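The values are calculated or read from the model by the stated rules, or taken from the named source; none is laboratory data. Keep in mind that what you see is a predicted model, and the values were worked out from it rather than measured. Cβ placement follows ideal geometry from the backbone for every residue including glycine, while neighbour counts extend to all protein chains displayed.
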Amino acid sequence: MAEARQSETHGFQTEVKQLLHLMIHSLYSNKEIFLRELVSNASDAADKLRFQALSDGSLLADDAELYVRVSADKEAGTITISDNGIGMTRDEVMSNLGTIAKSGTADFFSKLSGDQARDSRLIGQFGVGFYSAFIVAESVTVRTRAAGAAADEAIEWSSRGEGEFDLRQIDKAKRGTDVILQVRDDAEEYLDEWRLKSIVTKYSDHLNIPVQMPKRDDDGKADGWEAVNSGQALWTREKSEISDEEYKEFYKTIAHDFEDPLLWSHNKVEGTSEYTSLLYIPKRAPWDLWNREQQNGIKLYVKRVFIMDDATQLMPTYLRFVRGLMDSSDLPLNVSREILQDNKITRSMRNGSTKKVLSMLSKLAKDEPETYQQFWNTFGTVLKEGPAEDQANQEKIASLLRFASTHMDTSEASTSLDEYLERMPEQQQSIYYIVADSYEAARDNPALEIFRKKGIEVLLLSERIDEWLMSHLSTYKEKAFQSVTRGDLDLGELEDEDSKQQQEAAEKAFEDSAKRFEKALGDKVKSVRVTHRLTSSPACIVTDENDMSTQMAKLMEAAGQKVPETKYIFEVNPEHTLVQRVVALDDEQRFSEWAQLLLDQATLAERGNLKDPAQFVTRLNRLMLELTDA
Ligand SMILES: Nc1ncnc2c1ncn2[C@@H]1O[C@H](COP(=O)(O)OP(=O)(O)OP(=O)(O)O)[C@@H](O)[C@H]1O
């Protein structure tokens with residue numbers, strides 16, 4: 001036994017070292033959050049124990065009143081945060097307090113720049129948790145005994161936060177965890193109990209557990225413990241009795257965010273299923289928003305007992321930025337993830353919360369368009385996953401989408417579909433859009449020429465997800481979506497009879513030339529035809545209605561999938577002088593060179609790249625030489 005009690009030294013995972021270093025240097029102006037983080041960990045530990053005790057009552061043993069205790073010893077220079085919650089085994093200590101078990105952590109650290117202001121914002125998004133103890137402590141000792149473990153199986157972890165930690169087995173009389181901070185000189189103010197108390201009441205008043213501090217008699221002597229928070233779970237109180245400040249502080253505690261939320265909604269739902277939800281939309285994106293697997297938004301409670309974090313079944317993936325909790329009165333306390341998966345009650349909670357979030361956002365868009373724009377700029381790309389994932393709410397989600405548009409001269413996506421519909425002429429049947437690699441590429445695509453000439457608005461899409469989005473949106477308020485670079489362009493009633501006849505005549509007159517182009521270009525194109533899209537460019541390429549669009553093909557290629565080569569339809573503008581001169585060439589060889597060049601140009605404008613760019617350059621040089629020679 002004596003041997004086992006010797007302390008062993010372990011190194012922190014590299015990311016922990018980086019996090020510790022950064023935290024101490026970036027969060028010095030926000031020191032007090034250490035207490036919020038440690039008290040919230042202690043409260044989580046109590047929640048976990050309560051939950052496990054549902055199936056094994058013996059875990060609570062004779063210590064069933066769960067609490068968190070905070071005290072300071074001025075002389076020793078220490079602050080202690082204790083709980084009688086679930087505790088940790090040796091293995092749990094090793095992994096919880098020695099590594100960061102979040103996927104994508106290394107990626108996160110690669111984003112840090114060394115600029116303190118910026119990094120501290122990022123660290124805030126990352127969630128500092130236990131390690132925030134080192135903002136105020138020069139060394140930290142954790143003494144912990146897991147529920148169900150014997151008194152001599154407890155573990156002591158200690159570290160100066162400099163790269164390593166020590167571990168040894170100890171005796172601990174009671175279940176739970178003590179976190180003891182040896183406070184740094186520049187953080188002595190936190191040794192003051194009043195100061196600690198004010199922080200506890202600020203952040204932890206509404207936690208579902210009493211947070212106790214020493215009860216002082218008139219001479220200042222400690223005489224037992226007294227709760228310093230209300231201990232009533234915030235969401236169980238009446239809405240009218242909760243101040244905005246309380247909602248905001250509660251958000252910061254459960255979401256580990258430094259900033260206030262953008263908005264929230266607190267609801268008691270009664271009817272087929274009975275539950276309370278408290279849902280928040282954050283101001284900023286969390287660091288791992290793009291990771292679709294990473295969901296830690298919604299906590300599930302059953303009758304005020306915490307059941308689990310990231311209850312993915314309660315919120316669709318495209319709303320994974322929502323934070324908060326749902327407390328069900330109907331689910332059984334022994335509910336498991338498997339039960340949640342396919343359960344009428346869960347489904348109804350999920351439908352209800354989805355509707356709630358969407359209507360919160362609609363209301364924000366209507367009442368405070370500027371704040372909504374801020375939301376859209378932060379989370380819009382995630383919301384764009386919605387129409388594919390949630391067809392039942394497609395129209396509602398579509399109304400929340402924002403796009404760049406030819407109507408505005410900016411890359412900011414601020415046009416809603418309703419605004420588009422309001423502006424469009426009565427005869428217009430479709431909502432026109434283009435998807436390209438960048439805003440500029442969309443804006444300058446030659447296929448927009450006829451739309452600009454006729455003053456028809458086109459939505460300009462350029463995010464990676466946009467092609468995926470548009471492939472799932474077929475109509476909005478009964479108007480079909482139509483890509484301006486796909487299929488045969490039919491402007492329907494926007495075209496008058498005269499110009500339709502002119503087009504037919506032009507097609508007829510160009511028939512032979514089209515065949516000549518087809519012969520020259522061979523299987524590089526699907527077909528050649530007269531364009532109705534271009535006014536100032538000589539040619540463009542478009543995909544057939546049923547073929548895969550350029551952006552979709554690129555998306556699939558980027559995802560490593562084999563994509564059949566798309567053959568484009570080559571559209572030529574017979575009105576264009578260059579085309580007229582090329583058509584006038586008698587020499588088939590020269591005609592063919594020019595035809596190739598026109599096709600390559602059009603391909604560049606649409607795809608942004610060529611299969612054989614070197615050949616294009618050689619050809620271009622050859623033709624330029626000829627021209628300068630003349
Ligand atoms: N007082 C405690 N009692 C029992 N386990 C604890 C305690 N404090 C921390 N832990 C364990 O250590 C883990 C790591 O804690 P940490 O605060 O770093 O991260 P987290 O709480 O999981 O995440 P975050 O705080 O970023 O949301 C916790 O998930 C928990 O399992």
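See the values below:
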read-out: Extreme residue, surrounded by the most Cβ atoms within 10 Å (Cβ to Cβ), among residues of the stretch 342-368 that are out of contact with any strand residue (DSSP E or B) (no Cβ under 8 Å at 6 or more places or on another chain), closer than 20 Å to D260 by Cβ and of a type outside the set (D, E); value: A365
read-out: So E412, is it without any contact (Cβ under 8 Å) to a residue 12 or more places away in the chain and surrounded by fewer than 16 Cβ atoms within 10 Å (Cβ to Cβ); value: no
read-out: Hits in the stretch 207-244 - residues which are within 41 Å of the chain's Cα centre (by Cα), surrounded by 11 or more Cβ atoms within 10 Å (Cβ to Cβ) and outside any loop (DSSP other than H, G, I, E, B); value: V211, Q212, M213, A227, L234, W235, T236, K239
read-out: Yes/no for E426 being in contact (Cβ under 8 Å) with a residue 12 or more places away in the chain, assigned by TED's automatic domain parsing to the domain that holds I456 and acidic (D, E); value: no
read-out: Any hit, the stretch 522-529, residues being under 24 Å from E565 (Cβ atoms), assigned to a helix (DSSP H, G or I) and without any contact (Cβ under 8 Å) to a residue 24 or more places away in the chain; value: yes
read-out: Cβ-Cβ under 9 Å pairs, at least 6 apart or on other chains, the stretch 326-343 side in contact (Cβ under 8 Å) with a residue 40 or more places away in the chain and assigned to a loop (DSSP other than H, G, I, E, B), far side surrounded by fewer than 19 Cβ atoms within 10 Å (Cβ to Cβ) and of a type in the set (A, V, I, L, M); value: L333/L54; L333/V305; N334/L54
read-out: Which numbered condition K102 misses (of (1) crowded, with 18+ Cβ neighbours inside 10 Å; (2) at pLDDT below 95; (3) not small (G, A, S)); value: (1)
read-out: Long-range neighbours under 7 Å by Cβ, at least six apart or interchain, first residue assigned by TED's automatic domain parsing to the domain that holds G148 within the stretch 83-94, second charged (D, E, K, R) and within 8 Å of the ligand (Cβ to nearest atom); value: G85/K48; I86/K48
read-out: Among residues of the stretch 161-173, those that are in a loop (DSSP other than H, G, I, E, B) and either surrounded by 15 or more Cβ atoms within 10 Å (Cβ to Cβ) or among the small types (G, A, S) (or both), counted; value: 4
read-out: Residues of the stretch 528-586 classified as surrounded by fewer than 18 Cβ atoms within 10 Å (Cβ to Cβ), of a type outside the set (S, T, Y) and touching a Lys or Arg at 6+ places or on another chain (Cβ under 7 Å), total; value: 3
read-out: Pick from the stretch 369-390, criterion assigned to a helix (DSSP H, G or I) and either free of Cβ contacts under 8 Å to residues at least 60 places away in the same chain or charged (D, E, K, R) (or both), ranking: surrounded by the fewest Cβ atoms within 10 Å (Cβ to Cβ); value: E370
read-out: Options E545, E593, E606; residue that is outside the structural domain of S471 (by TED's automatic domain parsing), in contact (Cβ under 8 Å) with a residue 24 or more places away in the chain and not in a helix (DSSP H, G or I); value: E545
read-out: Residues that are touching a helix residue (DSSP H, G or I) at 6+ places or on another chain (Cβ under 7 Å), over 22 Å from T378 (Cα atoms) and at pLDDT 95 or above, drawn from the stretch 412-431; value: I431
read-out: Residues within the stretch 252-269 that are farther than 24 Å from G352 by Cβ and part of a helix (DSSP H, G or I), tallied; value: 2
read-out: Filter result for Y251 (touching a residue at least 12 places away in the same chain (Cβ under 8 Å) and in contact with a helix residue (DSSP H, G or I) (Cβ under 9 Å, 6 or more places away or on another chain)); value: no
read-out: Members of the stretch 134-160 that are under 16 Å from D91 (Cα atoms), in contact with a Lys or Arg (Cβ under 7 Å, 6 or more places away or on another chain) and in a strand (DSSP E or B); value: R143, R145, A154, I155, E156
read-out: Search result, residues across the stretch 174-206 that are part of a helix (DSSP H, G or I), in contact with a strand residue (DSSP E or B) (Cβ under 7 Å, 6 or more places away or on another chain) and within 16 Å of the ligand (Cβ to nearest atom); value: V200, S204
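Residue-by-condition table, conditions (1) modelled with pLDDT of 90 or more; (2) within 11 Å of the ligand (Cβ to nearest atom); (3) surrounded by fewer than 18 Cβ atoms within 10 Å (Cβ to Cβ):
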| position | (1), (2), (3) |
| --- | --- |
| N30 | no, no, yes |
| R36 | no, yes, no |
| V39 | yes, yes, no |
| A42 | yes, yes, no |
| L49 | yes, yes, no |
